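Written below as structure tokens is the structure these notes are about.
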């Protein structure tokens, strides 16, 4: 446990930020998993869910939880999976 007052405050701040960041990171991961899971069965539903997944990825990027290139890579991979599911459907 920290002894110095500033270290105590830093610990409190870190705990608050970690809790807040956990929400955005969790939401992003959940949306990505949903799109990947749904794309196996229903390409149209996956296509409808894609903008929500993009939004959650962008929010995580905006809050510096993930790097911009990482966000772009995740979005590109999701788009590729959904496009493949649509092509497979036809």
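Extending 7 Å from the Cα toward the beta-carbon at both residue 76 and residue 48 defines two label points whose distance is 3.0 nm. Spin-label model, residue 20 to residue 58: label points 7 Å out along the Cα-to-beta-carbon direction sit 2.1 nm apart. Between the Cα long axis of helix 43-62 and the first principal axis of the chain there is an angle of about 20°, rounded to the nearest 10. Projecting the alpha carbon convex hull of region 5-89 along each direction and taking the average yields 5.6 nm².
We did not get these values from a lab; they are worked out from the coordinates using the rules stated. The structure displayed is predicted, hence computed values, not measured ones. Cβ: placed from backbone, ideal geometry, glycine included. Neighbour counts: every protein chain shown.
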